[in-house]
């Protein structure tokens, strides 16, 4: 994926994260109550909030990576992490307890984030030193 495409993807993921965050702040609680999740409302709100936070952090991280890192793998790891980590939390927020098994996918998304950051560090370490150094 080129730098330009990675930047565009990061920006679109950030826009989606902001939209989801706005929904979380202004409509999520009512929607969850309509779905009958009164007993576990707080837990589901926390899942969603955590998903949005990591979604936004890594969308912004992807935009930075698009400009400063040569690591193609990191450009894949961050969107993959958003899909696995945040996507699983979003699904768990809305789906019945039968879908709680998705909780096992969340750590895979977290691992993808960690791998992405390590790959960025490796690419930075291997890059040519700045002339100002």
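Coordinate-derived values only; no laboratory data. In this text, all values refer to a predicted model and were calculated from it rather than measured experimentally. All Cβ positions, glycine included, derive from the backbone under ideal geometry; neighbour counts span all protein chains shown.
The long axis of helix 72-81 is offset from the longest Cα principal axis of the chain by roughly 10 degrees. The slack in the chain from residue 122 to residue 53, taken as 0.36 nm per residue of separation less the alpha-carbon distance, amounts to 22.3 nm.
Order 35-43, 21-29, 74-82, 53-61 from most to least packed using the mean count of other Cβ atoms within 10 Å.
On the way: 35-43: 12.1, 21-29: 14.2, 74-82: 23.7, 53-61: 20.6.
Highest-to-lowest ranking by the protection proxy: 74-82, 53-61, 21-29, 35-43.
Peptides 7-18, 109-120 ranked from most to least packed give 109-120, 7-18, packing being the mean of other C-beta atoms within 10 angstrom over each peptide's residues.
Compared with the dominant principal axis of the Cα atoms in the chain, helix 41-68 is inclined by about 20°. Taking the longest Cα principal axis of the chain as reference, the axis of helix 3-26 is set at about 20 degrees. Distances over 27 Å make up what percent of all Cα-Cα pairs in the chain? Of all Cα-Cα distances in the chain, 28 percent exceed 27 Å. If I model a spin label as a point 7 Å beyond the Cα along the Cα-Cβ vector, how far apart are those points for residue 43 and residue 111 in nm? Calculated label separation equals 2.4 nm. Averaging sequence separations of C-alpha pairs under 8 Å and six or more residues apart, then dividing by the length of the chain, give the relative contact order as a whole percent. Reported as a whole number, the value is 27 percent. As an exercise, use a Förster radius of 25 Å and the Cβ-Cβ distance of residue 35 and residue 100 to find the FRET efficiency, rounded to the nearest 0.05. Working from the Cβ atoms, E equals 0.95.
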